[in-house]
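Below you'll find the structure, written out as structure tokens, and then a few comments.
The values are calculated or read from the model by the stated rules, or taken from the named source; none is laboratory data. Keep in mind that this is a model prediction, so the values were computed, not measured. Note that each Cβ is placed from the backbone with ideal geometry, even for glycine, and that neighbours are counted across all protein chains shown.
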Amino acid sequence: MTPVDLQSKDFQSNPYPSYARLREESPVHFVRGPMNSEIWLITRYEDARAALADPRFSKDPKRAPEWAKVMAAGVGDEGPLGANMLNSDPPDHTRQRRLVGMAFTRRRIERLRPRIQEITDELVEAMAARREVDLITGLAYPLPITVICELLGIPGEDRDDFGQWTRMLLASPMTPEGVQSRRQGNQNMDRYLTELIGKMRTEVNPELDYDSQPNLISALIVPGKQDQLSERELLGMIKLLLVAGHETTVNLIGNGTVALLRHPDQLRLLREQPEVMSTAIDELLRYDGPIERVPMRFTTEDVEIAGVTIPEGSAVNIVLGAADRDPNVFGEPDRLDLARKDNPHVAFGHGVHYCIGAPLARVEGQIAFGTLLRRFSKIELACAYEELEWRIGGPNIMRGLAALPLVLTP
């Protein structure tokens, strides 16, 4: 079949036809990428879901081939964001996830709903004062970065810095210069957070329990806490929560808005029946989700899938974007259907690495789309769809827009 160029602009603008061919003809597919990368793609739903829960696909960066370590910005055996639960296997993963999991339960996130609504209202009102806006800079980015920074305890005046450093980590091109950019972004985060953690250690009240601490960083550094994170793990965990805690929601809001504008019947349905918002968020996640491929995993032994043997020590990308359009699981998978009931999508992953921030992303998406539709009677693209620029660079695990120009009618 025709080779798949993961870096091409045409592919990144619309990868789904290529993924459809892969599912049909070559569901376990070897590709060569930039900087001597060698990656196996898994594209069918059942195979992807099984691989996501298979311990033979390790997240430990120590198992990565040398080219992957170079691509990860030269941070050695810890991965691009350092030591954290995303880059670890059980039992380390289990211990780390337990420590932060209490902050992301559905009950706790629901308690944040009024504050998330307040932030959204402020941002939407600012957009309403202008006829033409960029939704990414106006709402999709500032909403989740504000929420996750408040949750962690990051001062408001420093939030834009994290946006810049995140873009350096995730969107730098796959070139030696891009590696240097990712390394610099990583170092900037490390330096800032190390200083902030040190300051918080002098202020934390050890008499308060986890629930009573003013923010999540303070809760994680309470002296004497059972299973306390090491210094390396603490730094890596905060970086992971900062990056993953806002970047995915940026793409959910951006991609979801484009999908609604390209399907006016579904946009009208959501306006007329806001009670379908819950299933609508799941369908937007399935149809054009924020994470196209999960971060690389590494085989600990030879693994056979769909009659193909992936050798031990290989780098593997499980393609969520392809799995969530598998016609063997989803009826009319290329059609957006906000009322879709049977929707077992894997946009948040599956298994022990299922996205810990899924409840927060869902609430942010519900509030963002609901507020936009209530505040504006008409939402239109300010350019042709073909002129939209999709962010290409980094490891290409994310799928999102560089900008989303809109014309809004209050």
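Things worth noting here:
- Filter pass, D302 being among the acidic types (D, E) and either in contact (Cβ under 8 Å) with a residue 12 or more places away in the chain or more than 18 Å from L41 (Cα to Cα) (or both): no
- Matching residues, region 230-286, being charged (D, E, K, R) and over 17 Å from the mean Cα position of the chain (by Cα): E231, R232, E233, R262, D265, R268, R271, E272, E275
- Complete set of residues in region 86-102 that are touching a helix residue (DSSP H, G or I) at 6+ places or on another chain (Cβ under 6 Å) and surrounded by fewer than 21 Cβ atoms within 10 Å (Cβ to Cβ): H93, R97
- E233 satisfies every condition listed in (1) under 25 Å from L170 (Cβ atoms); (2) among the charged types (D, E, K, R); (3) at pLDDT below 90; (4) surrounded by fewer than 21 Cβ atoms within 10 Å (Cβ to Cβ) except (4).
- Of all residues in region 109-132, those that are within 25 Å of L388 (Cβ to Cβ), out of contact with any strand residue (DSSP E or B) (no Cβ under 6 Å at 6 or more places or on another chain) and either assigned to a strand (DSSP E or B) or of a type outside the set (K, R) (or both) total 6.
For (1) surrounded by fewer than 24 Cβ atoms within 10 Å (Cβ to Cβ); (2) of a type in the set (V, I, T), each residue gets a yes or a no:
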residue: T248; (1), (2): no, yes
residue: I253; (1), (2): no, yes
residue: V258; (1), (2): yes, yes
residue: P264; (1), (2): yes, no
residue: R268; (1), (2): yes, no
residue: R271; (1), (2): yes, no
residue: T279; (1), (2): yes, yes
residue: L284; (1), (2): no, no
residue: D288; (1), (2): no, no
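- Restricting attention to region 285-304, the residues being touching a Ser or Thr at 6+ places or on another chain (Cβ under 9 Å) and assigned to a helix (DSSP H, G or I) number 0.
- Annotation: of all residues in region 86-108 being modelled with pLDDT of 85 or more and part of a loop (DSSP other than H, G, I, E, B), the one that is farthest from M296 (Cα to Cα) is P91.
- Residue match in region 303-310 (condition: at pLDDT 90 or above and crowded, with 21+ Cβ neighbours inside 10 Å): yes
- Listing of strands (runs of 3 or more DSSP E) fully contained in region 307-395 that carry 3 or more residues being within 26 Å of T120 (Cα to Cα): 378-381
- From the options R325, R399, residue that is surrounded by 20 or more Cβ atoms within 10 Å (Cβ to Cβ) and at pLDDT below 95: R399
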